[in-house]
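Okay, so here's the structure we're looking at.
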Amino acid sequence: MKEAERSAVIARPAEEVFAFLANLENLPRWQSGVLRAELTSSGPIGVGSTAVVERRMFGQQIAADLVVTAYEPPRRIVLDTEASGVSVQARVGIEPLDAARSRVTFGMAMEASGFFMKAVEPMVAQAAEADIEASLAHLGEVLA
């Protein structure tokens, strides 16, 4: 299993940041490589909510189902997905710094299955690190 994590200070209160991030349909607005995100479950977002996400990765367009596995407003949300032999857990933590700023920590844990996918796991992890940094920078711009 490979893991990557980065943090950034966002100039918004934790509650606003969480509300934006917890709306899974906002994923294309801030997360690098995400082309489309659509809720597939009904009702309010919470543990068990699902969405389908299309993203561009290594020059290919991939669709994957997401499941919310942790939901703790306004502090934490965790999403699990699997696509093309790679399981990914995306974690977002929000820490209030003061009334107007929050520290957002975005991390991913990736695990590949099968011999070929295990061989490319380091490359996937490296791409995820770049994606996390770009996504946090974009999040700061979108919420500015």
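Here are a few things to note about the model shown:
- If only residues of the range 1-20 that are out of contact with any Ser or Thr (no Cβ under 6 Å at 6 or more places or on another chain) and of a type in the set (A, V, I, L, M) are counted, the one that is surrounded by the most Cβ atoms within 10 Å (Cβ to Cβ) is Ala4.
- Subset tally (residues that are at pLDDT below 95 and not in a strand (DSSP E or B)) for the range 100-134: 22
- Tabulated pairs, the range 1-17, first at positive phi, second among the aromatic types (Phe, Trp, Tyr) and in a strand (DSSP E or B), C-beta under 7 angstrom, 6+ apart or interchain: none
- Residue within the range 31-45 that is more than 13 Å from the chain's Cα centre (by Cα) and buried (at least 17 other Cβ atoms within 10 Å of the Cβ) present: yes
- Condition check for Leu27: within 12 Å of the chain's Cα centre (by Cα), touching a residue at least 60 places away in the same chain (Cβ under 8 Å), surrounded by 14 or more Cβ atoms within 10 Å (Cβ to Cβ) and not in a loop (DSSP other than H, G, I, E, B): no
- Residue within the range 52-71 that is surrounded by 15 or more Cβ atoms within 10 Å (Cβ to Cβ) and in a loop (DSSP other than H, G, I, E, B) present: no
- Subset of the range 74-87 [assigned to a strand (DSSP E or B) and at pLDDT 95 or above]: Arg76, Ile77, Val78, Leu79, Asp80
- Of all residues making up the range 13-24, the number that are part of a helix (DSSP H, G or I) and not aliphatic (A, V, I, L, M): 4
- Considered as a group, the residues in the range 55-73 that are closer than 15 Å to Ser87 by Cβ and β-branched (Val, Ile, Thr) include one that is modelled with the lowest pLDDT, and that residue is Ile62.
- Single residue of the range 88-99 satisfying the filter (surrounded by 15 or more Cβ atoms within 10 Å (Cβ to Cβ) and of a type in the set (Gly, Ala, Ser)) that is modelled with the lowest pLDDT: Ala90
The values are calculated or read from the model by the stated rules, or taken from the named source; none is laboratory data. Remember, predicted model here, so these are calculated numbers, not experimental data. Neighbour counts are summed over all protein chains in view; Cβ atoms, including those assigned to glycine, are modelled from backbone coordinates with ideal geometry.
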